[in-house]
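Have a look at the structure below before the remarks.
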Amino acid sequence: MGTVTTSEIEGFRAALRGNVVLPADPGYDAARTIWNAMIDRRPALIVRCAGAADVLAAVGFARGHALPLAIRGGGHNIAGSALCNDGLVIDLSAMRSVRIDAERRRAYVEAGATLRDVDHEAQAYALATPLGINSTTGVAGLTLGGGFGWLSRTYGLTVDNLLSADVVTAEGRRLHVSATDYPDLFWALRGGGGNFGVVTSFVFQLHPVGPEVTAGLMVFPGEQAGKVLMQYRDLVASMGPNLSVWGVLRKAPPLPFLADAVHGTDVLALALFSPSKPDTLQAAIAQLRGCGQPLGEHIGALPYTAWQQAFDPLLAPGARNYWKSHNFTRLSDAAIAVVTDYAGRLPSPQSEIFLGLLGEKASAHPPGETAYPHRNALFAMNVHTRWEDPADDARCIGWAREFFKAAAPHAAGSVYINFLTEDESDRIAEAYGPNYARLAQIKAKYDPHNLFRSNQNIVPAA
């Protein structure tokens, strides 16, 4: 790492519209705190950018002083890629502008915006684009990894709805990229992570959604989980693009529609979402209800923004988190048996296993169309281990790894890049599959010295 003098830092600070936070500053610890409490890194300086010009200056400063460089958007990445030790962090969290062009159905989004920011502005016009399932997630990291959520079966992945982006490259160029301008870089940004530059803004395609949608939960006892999942799996083929149902296995939270005796017990929740009206979905809801004997359900019309925030309390910052993930092209009986076995011995009350349903429009593109390649994945399973006490680290992490190993023979051998933890660099090739070699070539073109390496890193091709 290069050395930086106090006078150089002060000169750098004076050239910014934003601010520089140093280890001796009162706000330093807050500035280096991110969603996953397991990540504890100490940058040499944190640059809180106010705009793209600040990003350009920060990239040049890091490059000129040979400093490790990390990029923080929402700070939600499980692996902690938003921070680095003894280097420079470009903090985009103040850049949260969202502008909607309702006539053209476009969203112009700065890189520090969260899902909640975009939903808030777009829903003023009853518009939305496919994003994730937790409203505090940063748009930038979600998008650059591919991005999927409740609208993906209807309108595709987040990257399928990305129209253009503004990027600061490693050599300090500001590029506007799209399908016609720097198309190779645009291709790589749509799933290649933060490997190619700092994206300062995005333009997304919007679609008519809401303001009310149909959504809610149907909760079954844990002992019925295997039977219910098998029947649910068999119903997926008939669901169509306007219905998405995810499976979540966990301890029951204190939901008001569940009896007190159910709270804290093992349950399977089917989380249902559709942009359609409730009266058009009653037959599908009845089919799901018939998969078992529900302990309770609450499904109906509600604001889209409310559903996008419904799971925020279960994913609040400050806890310790460790994930393991597999993609599945189908859920075999053997896979379901492994899932239900481990769901019956969760290591903590906050831990859960979710099965995110993809398919339909999310699968309607060839694997080489974007850097995100896993168009045949029907389910993305995330083993979300979550706890509070560091003394429980070994036990909770051990459970997740054991489950991951047991499920592997039944999985597709691929993984969603945004679900990889910091100890899974050996799975990067699985995450990019047949697109890795092309990504490495583009990396060599735009970042040959690997300045952007605080991520699930793509090594520049020789």
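The residues in segment 83-104 that are out of contact with any Lys or Arg (no Cβ under 8 Å at 6 or more places or on another chain) and either at pLDDT below 95 or more than 15 Å from residue 451 (Cα to Cα) (or both) can be counted, and the count is 9. The single condition among (1) exposed (fewer than 13 other Cβ atoms within 10 Å of the Cβ); (2) more than 23 Å from residue 114 (Cβ to Cβ); (3) modelled with pLDDT of 95 or more that residue 26 does not meet is (3).
Counting the residues of segment 325-362 that are outside any helix (DSSP H, G or I) and on the phi < 0 side of the Ramachandran plot gives 23. I'm checking my understanding of the structure. Among residues of segment 28-61 that are of a type in the set (D, E, K, R) and in contact with a helix residue (DSSP H, G or I) (Cβ under 9 Å, 6 or more places away or on another chain), which one is nearest to residue 73 (Cα to Cα)? Applying the filter and picking the extreme gives 48. Note on segment 34-56: residues that are in contact with a Ser or Thr (Cβ under 7 Å, 6 or more places away or on another chain) and surrounded by fewer than 23 Cβ atoms within 10 Å (Cβ to Cβ) total 1. Note on segment 107-159: among residues that are of a type in the set (D, E, K, R) and in contact with a strand residue (DSSP E or B) (Cβ under 6 Å, 6 or more places away or on another chain), the one that is surrounded by the most Cβ atoms within 10 Å (Cβ to Cβ) is 153. Candidates are the residues of segment 273-287 that are in contact with a helix residue (DSSP H, G or I) (Cβ under 7 Å, 6 or more places away or on another chain) and surrounded by 17 or more Cβ atoms within 10 Å (Cβ to Cβ); the one that is nearest to residue 125 (Cα to Cα) is 275.
Does residue 13 satisfy the condition of being of a type in the set (Lys, Arg), out of contact with any strand residue (DSSP E or B) (no Cβ under 6 Å at 6 or more places or on another chain) and surrounded by 12 or more Cβ atoms within 10 Å (Cβ to Cβ)? Judged against the criteria, residue 13 is not a match. Taking segment 77-93 as the range and being in contact with a Gly (Cβ under 6 Å, 6 or more places away or on another chain) and surrounded by fewer than 24 Cβ atoms within 10 Å (Cβ to Cβ) as the test, only 93 passes.
Against the list (1) in contact (Cβ under 8 Å) with a residue 24 or more places away in the chain; (2) surrounded by fewer than 18 Cβ atoms within 10 Å (Cβ to Cβ), the condition residue 403 fails is (2).
Which of the residues that make up segment 270-307 are among the aliphatic types (A, V, I, L, M) and under 12 Å from residue 212 (Cβ atoms)? The answer is 301, 302, 306.
Candidates 446, 432, 436: the one that is within 28 Å of residue 89 (Cβ to Cβ) and under 19 Å from the mean Cα position of the chain (by Cα) is 432. Looking at 160, 184, just one residue is touching a His at 6+ places or on another chain (Cβ under 8 Å) and of a type outside the set (Ser, Thr, Tyr), and that residue is 160. Among the residues of segment 428-437, those identified as buried (at least 17 other Cβ atoms within 10 Å of the Cβ) and free of Cβ contacts under 8 Å to residues at least 24 places away in the same chain are 430, 436. Within segment 372-380, does at least one residue satisfy the condition of being surrounded by fewer than 21 Cβ atoms within 10 Å (Cβ to Cβ) and either assigned by TED's automatic domain parsing to the domain that holds residue 134 or of a type in the set (S, T, N, Q) (or both)? Within segment 372-380, one or more residues are surrounded by fewer than 21 Cβ atoms within 10 Å (Cβ to Cβ) and either assigned by TED's automatic domain parsing to the domain that holds residue 134 or of a type in the set (S, T, N, Q) (or both). Considering only residues in segment 406-427 that are hydroxyl-bearing (Ser, Thr, Tyr) and either in contact (Cβ under 8 Å) with a residue 60 or more places away in the chain or surrounded by 18 or more Cβ atoms within 10 Å (Cβ to Cβ) (or both), the one that is nearest to residue 320 (Cα to Cα) turns out to be 421.
For (1) assigned to a loop (DSSP other than H, G, I, E, B); (2) in the same structural domain as residue 112 (by TED's automatic domain parsing); (3) touching a Lys or Arg at 6+ places or on another chain (Cβ under 7 Å); (4) at pLDDT 95 or above, each residue gets a yes or a no:
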position	(1), (2), (3), (4)
46	no, no, yes, yes
50	yes, no, yes, yes
55	no, no, no, yes
58	no, no, no, yes
61	no, no, no, yes
70	no, no, no, yes
77	yes, no, no, no
81	yes, no, no, no
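Going by what's in this entry, would residue 249 be described as closer than 17 Å to residue 353 by Cα, in contact with an Asp or Glu (Cβ under 7 Å, 6 or more places away or on another chain) and in the same structural domain as residue 353 (by TED's automatic domain parsing)? When the stated conditions are applied, residue 249 passes them.
The values are calculated or read from the model by the stated rules, or taken from the named source; none is laboratory data. Since we're looking at a predicted model, the values are computed, not measured. Using ideal geometry, Cβ is built from the backbone for each residue, glycine included, and neighbour counts are taken over all protein chains shown.
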